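Take a look at the structure set out below.
The values are calculated or read from the model by the stated rules, or taken from the named source; none is laboratory data. Remember, predicted model here, so these are calculated numbers, not experimental data. Neighbour counts run over all protein chains shown; Cβ positions are idealised from the backbone, glycine included.
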Amino acid sequence: MMKSNLSRRHFLKFSALVGGVAALSACAPAAPSGEGAASTQSGEAAPAAAASTLSYWTNWSNLDPAIAKFVESEEWQAHMGDVTLEYRGAVNDEAMLTSIAGGNPPDCHSNHDYPNYFARGAAIAVQDMIAASSIVQKEKMLDWVWEYSFFDGQQIGVPGIESYVQWGLNYNADAAEKAGLDPSAPPTTWAETFEWHEAMTLKDDAGNLLQMGLDPGDAMGGDVDFGAASFGVKWYDEQTKEFRLDDERVAAYLDTAAEFIRFAGPDQFAGLRQVQGQGAWGAAFEAGVQTMIIEGYWHPGEAMINRPEIAQYNQASWAPVSEERRGTKMQAVNAHFVQILKDGKNHEGAFKLGEFFNTVKACEIIFAEVGWIHPVREFIPTVDAEAYPGLKFYVDSEAEASEWYLLRRCPIHWFVKSQLDEIRDLIARGQMTGEQGAAELQRRAVDEFEAQGLG
């Protein structure tokens, strides 16, 4: 999940000795250490290294409580030793790229543009480090997580933090009932979802938008991978490096998504999202003004932790597909990493942090504090699928899905996503057709890919 909204403690420095919190201090570049952290055959850490500083930045704003619990645990002390963790949350890509360009990045990071950073030479490959670890091993995690960590034959980060199934239609059952809909029979196609959208979109007498059904640009539903896949298109070929956005099915998706915005009113739609607390990823659903959201497995847990009064009504089912694909049960996966930056000064400490994220203790803390799941084989059977309303659908979907996707494999994924957002809005406002939008999206993607020298 990609989030950049600020939260409670957005600059943190955690000491592994006392768990204290202070202001973040920047790290200066130094010669990297290239060796992985040694560990025993039992999977427990070898004697910890001497005291050091480790800087770790993430784009998430909600990992903070889990990090705080980490450094209070005996397992952290045993594995990380006398390291001082300088952690900073809610760091967006612009800030990360500035630090990289200035030669003073953190030692490692998570939830930024992993493939792009690696393609630009800012991150190091970690397969040699992992080969020496008894904690991070292929057989200890679900297959897709391991597979996802390889780009062009190189392992670009240490899988960790959270990496479970990504697609589902979540809906507020209470709002559905009040709109005369049957929560036990959720929509399965885009057309059926639009009917629900019409029923649950409410305006006052002056035409102001009070509540909307689905925002097609929010969360995982707004991702370029999802929209194309829902109409049966894989828009980027990782092997040939070819784009397939100029496709009539992508055009059909763009027209469909734009219709959701057009029904609510583009300006009213934008205005509702601009209200404080309603514009960030998933925030409008948690605020109770959006009643459907296409989102990943993390949504049930995050919503319950943040807004239990809303989350108690959350239910989840299969994400919508085109009418031609009715009955297709799509599911998708990707992986997050502790990605080690080339100009960071503590490669060994960064790798040990990646190892810690793959311990059962870390998985338990993150699930309890944030609602996330990292598919370590020893941990997965212990997950309570009933812990959060809607989570059971995701757990069950792993065995029931008929079609699988690996997400965000294109090195300019987030550029294409930004262009998709702009073009979708233009279509909703009648300034472009879906066919024109698909052609324009293709042109912009190819131009950017070539401009970055990635062809």
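Quick notes on this structure:
- Flag for residue 206 being under 25 Å from residue 271 (Cα atoms), outside any helix (DSSP H, G or I) and of a type outside the set (Ser, Thr, Tyr): yes
- Conditions (1) over 23 Å from residue 164 (Cβ atoms); (2) assigned by TED's automatic domain parsing to the domain that holds residue 258; (3) acidic (Asp, Glu); (4) out of contact with any strand residue (DSSP E or B) (no Cβ under 7 Å at 6 or more places or on another chain); number of the one not met by residue 348: (2)
- So residue 132, is it on the phi < 0 side of the Ramachandran plot and in contact (Cβ under 8 Å) with a residue 24 or more places away in the chain: yes
- Selection of the range 69-120 for residues being without any contact (Cβ under 8 Å) to a residue 60 or more places away in the chain and among the β-branched types (Val, Ile, Thr) yields 71, 91, 98.
- Unique residue being out of contact with any Pro (no Cβ under 6 Å at 6 or more places or on another chain), in the same structural domain as residue 411 (by TED's automatic domain parsing), part of a helix (DSSP H, G or I) and at pLDDT below 95 when the list is 269, 263, 226: 269
- Taken over the range 133-177, residues that are within 21 Å of residue 299 (Cβ to Cβ) and more than 19 Å from the chain's Cα centre (by Cα) amount to 7.
- Answer residue from the range 80-128, given it is buried (at least 21 other Cβ atoms within 10 Å of the Cβ) and among the acidic types (Asp, Glu) and is farthest from residue 455 (Cα to Cα) among those: 86
- One residue stands out in the range 58-78 among those that are in contact with a His (Cβ under 7 Å, 6 or more places away or on another chain) and surrounded by fewer than 24 Cβ atoms within 10 Å (Cβ to Cβ): the one that is farthest from residue 342 (Cα to Cα), namely 61.
- Flag for residue 361 being of a type in the set (Lys, Arg) and touching a His at 6+ places or on another chain (Cβ under 7 Å): no
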